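*Asks:* Input: one structure, supplied below.
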Amino acid sequence: MAAVSYKCPNCGGDLQFDPGTQKFKCEYCFSVFSREEVEAANPEKEGKDGSEETSQYKAETDTGSEASLYQCPSCGAEIVTDATTAATFCFYCHNPVILQGKLSGEYRPEKIIPFAVSKKDAVDEFLKFVKKKRFIPRDFFCKEQIEKISGVYFPFWEYDCKTEGDWQGEAKRIRIYRTGDMEHTETKIYRLERSAEVGFEELTRNALNKENRQLVEAVQPFRLEETKDFSMEYLSGFLAEKRDIEKKDLVEELHQEVKKHSSDMVRSSVQGYDTVTSVSDQFHLLGENWKYLLVPVWVLTYRGKNDKIYYYAMNGQTRKISGELPVDKKKVLKLFFGVFVAVFLFMLLGGYLVW
Amino acid sequence: MVEKKMPKRKAAGMIVLWITICLWLSGVTVFAQCQIQDDAQLFTTEETQKIENLSEEIQDQYQMNVLVMTCEDAGGKESHEVLEDTYEEYGLESNEAKGGIALLIDMDNRELNLVTERDMIYYITDYREEKIYDAAQSYASDGEYGNAMIAMLKKVQQYLNEGIPNKQYTYDTETGRIVRYHSLASGDILLAFFAGLMVAAIVSVVLYRSYTVVKKYRYSTEKNARLKITAQNDILVNQFVTHRRIEKDPPSGGGDSGRTSTHHSSGGHTYGGGKGRGF
């Protein structure tokens, strides 16, 4: 397996993907290149099956503790990564390094959503987000820490499928009418039978089992219609992770989910009754399609002034943010008393004036 | 220096406060008045003493005027006119009291009557007026006029203790104008208190959770799934009709509606009561 970096055709400096222009930029001579131009200038870097190794390769050590050893193609320093890291930066020269073999062969993603939010925009967006939150302790967030935000491509599974089946339910239609001083309630009970086909698209599952999994899942949805065919160059300048959750680990859960969605959708489609309840359903899969893709997420690990570690994630495409925020309990207490007094006075005034 | 001056200032403040309280207390005692005018000489000495005691209790406790009257000859006036004229002759309608009540046993018209004035109008609603007559009527019919008056005064005292009824309003019989008496019952205050606590707690918990709980992403079937119904069948399997007799609104319990009807005396002052009850 090799560690590679993409070089500028003009000066040989390292290229990084620029989310703003969706092109590749040289950090040294500021030249900008399209993906095709980068590919043409670095023909040997786009290994399809992981068998192609470059001269930068030195060693890989699989220690059993899932740590791997690479050599930086720029400065020759050794880079130690965990088993799922697919793109990183050299700790010494800070140049982007792509661990090509991690995303080749069966682990090569079919699609990728390139970063659309630059680091500067991500920092600004995050600062804007925390400024809007009035109940966090004052000066809890400092810009210096927020600037340590990292852009990471996370592995996801996209699942499309079609189900077919039958659904049975019971419905009631109730009519109330009066004659004289009598009230009559007419209840009609129906047995409902439906056959249906349901198509599902863009069901997604996180394919990486890491601590911040919940946060990364919470920044969904991604605009999957904007996915592009995977190319290694997009990883340049970002971190990337390789999947460690396989289809077989998810298939049962997804099958159950689509069957439940199918039943619920058929039940919701029933109109013209006062009450509808499901009695039974049998749905089976007609076909399914899996895609392995990388999605862009800005992640931030933040040590609060209370020494607690907070994790944040921002969708690198839509800017949606997730994460736990610290709460200033004194401010919440003030809000509590403010609302209490306002409602209490309002009700007293209402009770006094309105009768 | 400052330490020496402070006690003097405090002492001066205390004296001013004490004088104010004394003046206020002394004022209270002279604000309201009691008058007993037994023209028809219906009360025994003992009854008169009891009536005096009750009247003074009302006067002292509520700063309300009390005029107790009996008359042999109404001089061609209606009972309530006799009361209003006498009340105004004593100048009770314009003294510093909060209000007052005048009660009459009219031997000329064979009638019990009462009129209320200022704040007393709020306490003695039409319903309560009738209850006061109810309490006295049997005594009056039996010729126990002293006991009749004592019964009326006790009832007045009871209603003053109970306070202004909920949803009290004043209805001017001459102009049709309604004036509502706005007040808050202890139940209203308790309800407002708990509602305030509840809303404040909900708002705080929702806010706290919005900061500390990460919302899970939910797949949207509306956006990402397509449903095609290929066959459908709705079969009527059962049908039944249930019947219920519609209950008519229960008759009103005849409780206190809170209304006090008012009228104006020949002197132009506003009075409640005055309906009277024959005996």
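The values are calculated or read from the model by the stated rules, or taken from the named source; none is laboratory data. Note that the coordinates shown come from a computational prediction; the quantities given were computed from them, not determined experimentally. Ideal geometry is used to build each Cβ from the backbone, glycine not excepted, and the neighbour counts take in all protein chains shown.
*Asks:* Can you tell me which residue within the range A:243-266, out of those that are basic (Lys, Arg) and either over 23 Å from A:Lys320 (Cα atoms) or outside any loop (DSSP other than H, G, I, E, B) (or both), is farthest from the other protein chains (Cβ to nearest Cβ)?
*Replies:* The initial filter retains those residues of the range A:243-266 that are basic (Lys, Arg), namely A:243, A:247-248, A:259-260.
Retained after the next criterion (residues that are either over 23 Å from A:Lys320 (Cα atoms) or outside any loop (DSSP other than H, G, I, E, B) (or both)): A:247-248, A:259-260.
Numbers: A:Lys247: 18, A:Lys248: 21, A:Lys259: 12, A:Lys260: 10 Å.
Among those that are basic (Lys, Arg) and either over 23 Å from A:Lys320 (Cα atoms) or outside any loop (DSSP other than H, G, I, E, B) (or both), it is A:Lys248.
*Asks:* Can we say B:Gly146 is more than 7 Å from every other protein chain (Cβ to nearest Cβ) and either surrounded by 13 or more Cβ atoms within 10 Å (Cβ to Cβ) or within 30 Å of B:Lys275 (Cβ to Cβ) (or both)? Can you show your working first?
*Replies:* Numbers: more than 7 Å from every other protein chain (Cβ to nearest Cβ): yes; either surrounded by 13 or more Cβ atoms within 10 Å (Cβ to Cβ) or within 30 Å of B:Lys275 (Cβ to Cβ) (or both): yes.
Considered against the rule, which asks whether it is more than 7 Å from every other protein chain (Cβ to nearest Cβ) and either surrounded by 13 or more Cβ atoms within 10 Å (Cβ to Cβ) or within 30 Å of B:Lys275 (Cβ to Cβ) (or both), B:Gly146 comes out as yes.
*Asks:* Does the range A:185-223 hold any residues that are closer than 17 Å to A:Glu288 by Cβ and more than 7 Å from chain B (Cβ to nearest Cβ), and which are they?
*Replies:* A:Thr204, A:Arg205, A:Ala207
*Asks:* Let me ask another. For B:Lys155, indicate whether it is of a type outside the set (S, T, N, Q), surrounded by 15 or more Cβ atoms within 10 Å (Cβ to Cβ), facing another protein chain (nearest Cβ under 10 Å) and in contact (Cβ under 8 Å) with a residue 24 or more places away in the chain.
*Replies:* Numbers: of a type outside the set (S, T, N, Q): yes; surrounded by 15 or more Cβ atoms within 10 Å (Cβ to Cβ): yes; facing another protein chain (nearest Cβ under 10 Å): no; in contact (Cβ under 8 Å) with a residue 24 or more places away in the chain: yes.
No: the conditions fail for B:Lys155.
*Asks:* Report every pair of residues separated by at least 6 positions or lying on different chains whose Cβ atoms are under 7 Å apart, first residue within the range B:46-61 and among the charged types (D, E, K, R), second part of a helix (DSSP H, G or I).
*Replies:* Hits for this filter: B:Glu47/B:Gly146; B:Glu47/B:Ile150; B:Lys50/B:Ile150; B:Glu57/B:Gln157.
*Asks:* Could you list, in sequence order, the residues of the range A:109-132 that are in contact with a strand residue (DSSP E or B) (Cβ under 8 Å, 6 or more places away or on another chain) and of a type outside the set (Gly, Ala, Ser)?
*Replies:* Start the filter on the range A:109-132 by keeping residues that are in contact with a strand residue (DSSP E or B) (Cβ under 8 Å, 6 or more places away or on another chain), which leaves A:109-119, A:122, A:125-126, A:129.
Correct list: A:Pro109, A:Glu110, A:Lys111, A:Ile112, A:Ile113, A:Pro114, A:Phe115, A:Val117, A:Lys119, A:Glu125, A:Phe126, A:Phe129.
*Asks:* Testing A:Gln168 on (1) over 30 Å from A:Glu201 (Cα atoms); (2) modelled with pLDDT of 85 or more, one condition comes back false. Which one is that?
*Replies:* The number of the failed condition is (1).
*Asks:* Looking only at the range A:169-191, which residues are within 14 Å of A:Tyr273 (Cβ to Cβ) and not small (Gly, Ala, Ser)?
*Replies:* Initially, the range A:169-191 is screened for residues within 14 Å of A:Tyr273 (Cβ to Cβ), giving A:169-175, A:186-191.
The answer is A:Glu170, A:Lys172, A:Arg173, A:Ile174, A:Arg175, A:Glu186, A:Thr187, A:Lys188, A:Ile189, A:Tyr190, A:Arg191.
*Asks:* Okay, moving on. Would you confirm, using the coordinates I've provided, whether A:Tyr310 is free of Cβ contacts under 8 Å to residues at least 60 places away in the same chain and not in a helix (DSSP H, G or I)?
*Replies:* Values: free of Cβ contacts under 8 Å to residues at least 60 places away in the same chain: yes; not in a helix (DSSP H, G or I): yes.
Yes; evaluated as a whole, the condition is true for this residue.
*Asks:* A follow-up question, please. Read through the list (1) farther than 30 Å from A:Lys320 by Cβ; (2) facing another protein chain (nearest Cβ under 7 Å), then give the number of the only condition that B:Phe194 fails.
*Replies:* (2)
*Asks:* Counting just the residues of the range A:134-192 that are free of Cβ contacts under 8 Å to residues at least 60 places away in the same chain and within 30 Å of A:Gln317 (Cβ to Cβ), which one comes out surrounded by the fewest Cβ atoms within 10 Å (Cβ to Cβ)?
*Replies:* Looking at residues that are free of Cβ contacts under 8 Å to residues at least 60 places away in the same chain and within 30 Å of A:Gln317 (Cβ to Cβ), I get A:Glu144.
*Asks:* Can you tell me which condition A:Tyr273 does not meet? The list is (1) within 12 Å of chain B (Cβ to nearest Cβ); (2) assigned to a loop (DSSP other than H, G, I, E, B); (3) closer than 30 Å to A:Ala122 by Cβ, and all the others hold.
*Replies:* (3)
*Asks:* Restricting to the range A:298-326, and then to whatever is crowded, with 19+ Cβ neighbours inside 10 Å and farther than 13 Å from A:Phe126 by Cα, can you tell me which residue is farthest from the other protein chains (Cβ to nearest Cβ)?
*Replies:* A:Gln317
*Asks:* Now for a different question. Within the range A:225-238, does at least one residue satisfy the condition of being among the charged types (D, E, K, R), in contact (Cβ under 8 Å) with a residue 12 or more places away in the chain, within 26 Å of A:Ser104 (Cβ to Cβ) and in a strand (DSSP E or B)? Steps first, answer last, please.
*Replies:* Restricting attention to the range A:225-238, the residues satisfying the condition of being among the charged types (D, E, K, R) are A:225-226, A:228-229, A:233.
Narrowing the set further to residues that are in contact (Cβ under 8 Å) with a residue 12 or more places away in the chain leaves A:226, A:228-229, A:233.
From the residues that got through so far, the ones that are within 26 Å of A:Ser104 (Cβ to Cβ) too are A:226, A:228-229, A:233.
From what is left, the residues that are in a strand (DSSP E or B) are A:228-229.
Checking the range A:225-238: at least one residue is among the charged types (D, E, K, R), in contact (Cβ under 8 Å) with a residue 12 or more places away in the chain, within 26 Å of A:Ser104 (Cβ to Cβ) and in a strand (DSSP E or B).
*Asks:* For the range B:209-275, give me every one of the strands (runs of 3 or more DSSP E) that falls completely inside it and has 3 or more residues that are facing chain A (nearest Cβ under 7 Å).
*Replies:* Numbers: elements: B:225-245, B:259-264, B:270-273.
Because the criterion is at least 3 residues that are facing chain A (nearest Cβ under 7 Å), the strands (runs of 3 or more DSSP E) in the range B:209-275 that meet it are B:225-245.
*Asks:* Considering each residue of the range B:53-80, count those that are touching a strand residue (DSSP E or B) at 6+ places or on another chain (Cβ under 6 Å), in a helix (DSSP H, G or I) and closer than 15 Å to B:Ala148 by Cα, and give that number.
*Replies:* Residues flagged as touching a strand residue (DSSP E or B) at 6+ places or on another chain (Cβ under 6 Å), in a helix (DSSP H, G or I) and closer than 15 Å to B:Ala148 by Cα within the range B:53-80 amount to 1.
*Asks:* Could you grab me the full set of residues in the range A:90-129 that are at pLDDT below 85 and part of a helix (DSSP H, G or I)?
*Replies:* Listed by number, the residues that qualify are A:Gln100, A:Gly101, A:Lys102, A:Leu103, A:Gly105, A:Glu106, A:Tyr107.
*Asks:* Can I ask one more? Need the failing condition index for A:Ser322 against (1) within 30 Å of B:Ala200 (Cβ to Cβ); (2) within 22 Å of the chain's Cα centre (by Cα); (3) not in a strand (DSSP E or B), just the number.
*Replies:* (3)
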